[in-house]
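What follows is a set of notes on a single structure, which appears directly below.
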Amino acid sequence: MNNTVLYMLTVLIWGSTWIAINYQLGEVAPEASLVYRFGLAALVLFLFCRLKNLSLAFKLRHHAQLMIFGLCLFGVNYYFLYLAQQHINSALTCIGFSTMMIINILNARLWYKTKITKQVYYGAALGLFGIITLFWPQINDIDIGADTLLGLSLCLIGTVFASSGNMLSIKNQQMKLPVMQTNAWGMAYGTAFMAVLALVRGVEFNFSLTLPYVSSLLYLSIFGSVIAFGCYLTLLGRIGAHKASYATVMFPAVAVVISTFVEGFVWDLTTVTGFICIMLGNLVVLSPSKQDAKDKADSKSHQQQISPEEITEEEMTPAKA
């Protein structure tokens with residue numbers, strides 16, 4: 001599957017999950033719903049791997065890394081985001097989480113010495129400006145007090161954990177650990193963390209057998225977790241976190257479009273301006289740069305310089321799982 005399809009699937013699925021999440025709120029505690037969501041997603045991935053005879057065996061040191069990966073991306077980050085929403089509205093939470101684009105740029109530079117072009121910085125700034133403009137009516141009258149600052153701080157902490165999970169996913173792929181199997185273990189570890197946390201906090205693990213709750217849970221588990229995370233994390237390894245994470249800026253734009261048809265949302269000048277800025281930022285970030293062309297040419301030249309005689313017997317032997 002090419003990068004364009006992976007990117008579109010990620011944006012469209014995660015941009016629509018807000019509808020499903022709305023149906024998750026009510027009778028069942030959010031922590032319990034997260035356990036159900038990622039627990040089911042992990043089970044589906046494990047079953048898929050078994051059916052396809054994909055090895056789920058990893059070394060102990062790999063499991064330690066997968067545990068941290070799972071806690072960051074499928075556990076701790078969600079916990080802090082839910083805590084944040086007790087102090088700030090969803091608009092501020094969305095803006096706070098969209099800063100993952102910037103955090104990923106910094107982390108990619110720090111973790112992997114990734115060369116970040118000015119083009120990416122300009123596109124990221126344009127996208128974040130678009131997000132703020134898009135939600136300006138909802139945040140214009142907010143009182144920036146201690147409670148709001150606490151909520152934003154919690155949101156940013158959750159976002160930092162999510163970005164760390166992104167970096168660990170790239171590390172997994174650099175170590176030739178397959179995305180499907182690492183996601184299965186990561187979601188399992190994240191589920192275990194959330195389950196223990198919920199029990200410690202005295203959360204009741206009830207369940208709603210209503211059609212809206214069950215159908216939304218299935219959508220979030222299969223599409224929002226198994227498929228979307230698989231697409232997004234694959235993109236991280238292919239085009240880098242600094243580019244793939246622009247998808248987090250695109251989600252609100254997709255949500256607004258869906259809301260227009262589903263809820264009759266009416267656009268105004270701020271909506272149009274914010275939407276245009278987000279789309280322009282997307283084009284700026286993902287358009288090929290001179291640096292990309294140079295890196296691609298250097299890589300191709302390096303591959304051509306390797307003669308068959310330089311390939312050792314060890315390199316020709318398939319690696320064991």
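The values are calculated or read from the model by the stated rules, or taken from the named source; none is laboratory data. Remember, it's a predicted structure, so these values are computed and weren't measured experimentally. No Cβ is skipped: glycine too gets one built from the backbone with ideal geometry, and neighbour counts run over all protein chains shown. For the accessible areas, the whole protein counts, side chains as well, though only heavy atoms, and no ligand, DNA or RNA atoms are used. Shrake-Rupley method; radii C 1.70, N 1.55, O 1.52, S 1.80 Å.
Note on surface exposure: 185, 267, 136 rank 136, 267, 185 by accessible area, highest first, 1.4 Å probe. Accessible surface of residue 191, taken over heavy atoms with a 1.4 Å probe and every protein chain present, rounds to 20 Å². Entry note: segment 60-108 has Rg to Rh equal to 1.09, where both radii use alpha-carbon atoms and Rh is the Kirkwood radius.
Checking the cross-link pairs 115/243; 113/171; 118/243; 176/243; 118/171; 171/243 against a 19 Å limit on the alpha carbon distance flags 176/243; 118/171 as lying beyond it. At q = 0.12, 0.22 Å⁻¹ the log10 of I(q)/I(0) for segment 33-167 amounts to -0.63, -1.28, computed by Debye summation with a single uniform scatterer per C-alpha, solvent ignored. Shape descriptor for the chain: Rg over Rh equals 0.99 (Cα atoms; Rh from the Kirkwood inverse mean 1/r). Accessible-area rank, largest first, for 286, 81: 286, 81, with all protein chains present and a 1.4 angstrom probe.
Rolling a 1.4 Å probe across the protein heavy atoms gives segment 82-238 an accessible surface of 47 Å² per residue. Helices meeting the span-like rule in the chain (full DSSP H runs, Cα extent of at least 18 Å along the helix axis, mean Kyte-Doolittle score of 0.0 or higher): 3-24, 30-51, 118-134, 146-174, 179-200, 247-262, 269-286.
Taking all protein chains as shown and a probe of 1.4 angstrom, residue 171 keeps an accessible surface of around 80 Å². For the chain, adding -39500 (n - 2.57) for each run of n ≥ 4 DSSP H residues and dividing by the number of residues yields -24000 deg cm²/dmol at 222 nm. Computed with a 1.4 Å probe over protein heavy atoms only, the accessible area of residue 8 comes to about 110 Å². Rolling a 1.4 Å probe over the protein heavy atoms of the chain, with every protein chain left in place, gives an accessible area that is 67 percent carbon and sulfur.
When the chain is treated as a GNM with alpha-carbon contacts under 10 Å, the residue of 39, 75, 145 showing the greatest mean-square fluctuation is 145. With the biggest extent put first, the Cα atoms of segment 129-176 measure 49, 25, 11 Å across the principal axes.
For residue 142 and residue 174, what is the calculated FRET efficiency with R₀ set at 35 Å and r taken between the beta-carbons, to the nearest 0.05? Rounded to the nearest 0.05, the efficiency is 0.25.
Only Cα pairs under 8 Å and 6+ residues apart enter the sum, and on that basis the relative contact order of the chain stands at 38 percent.
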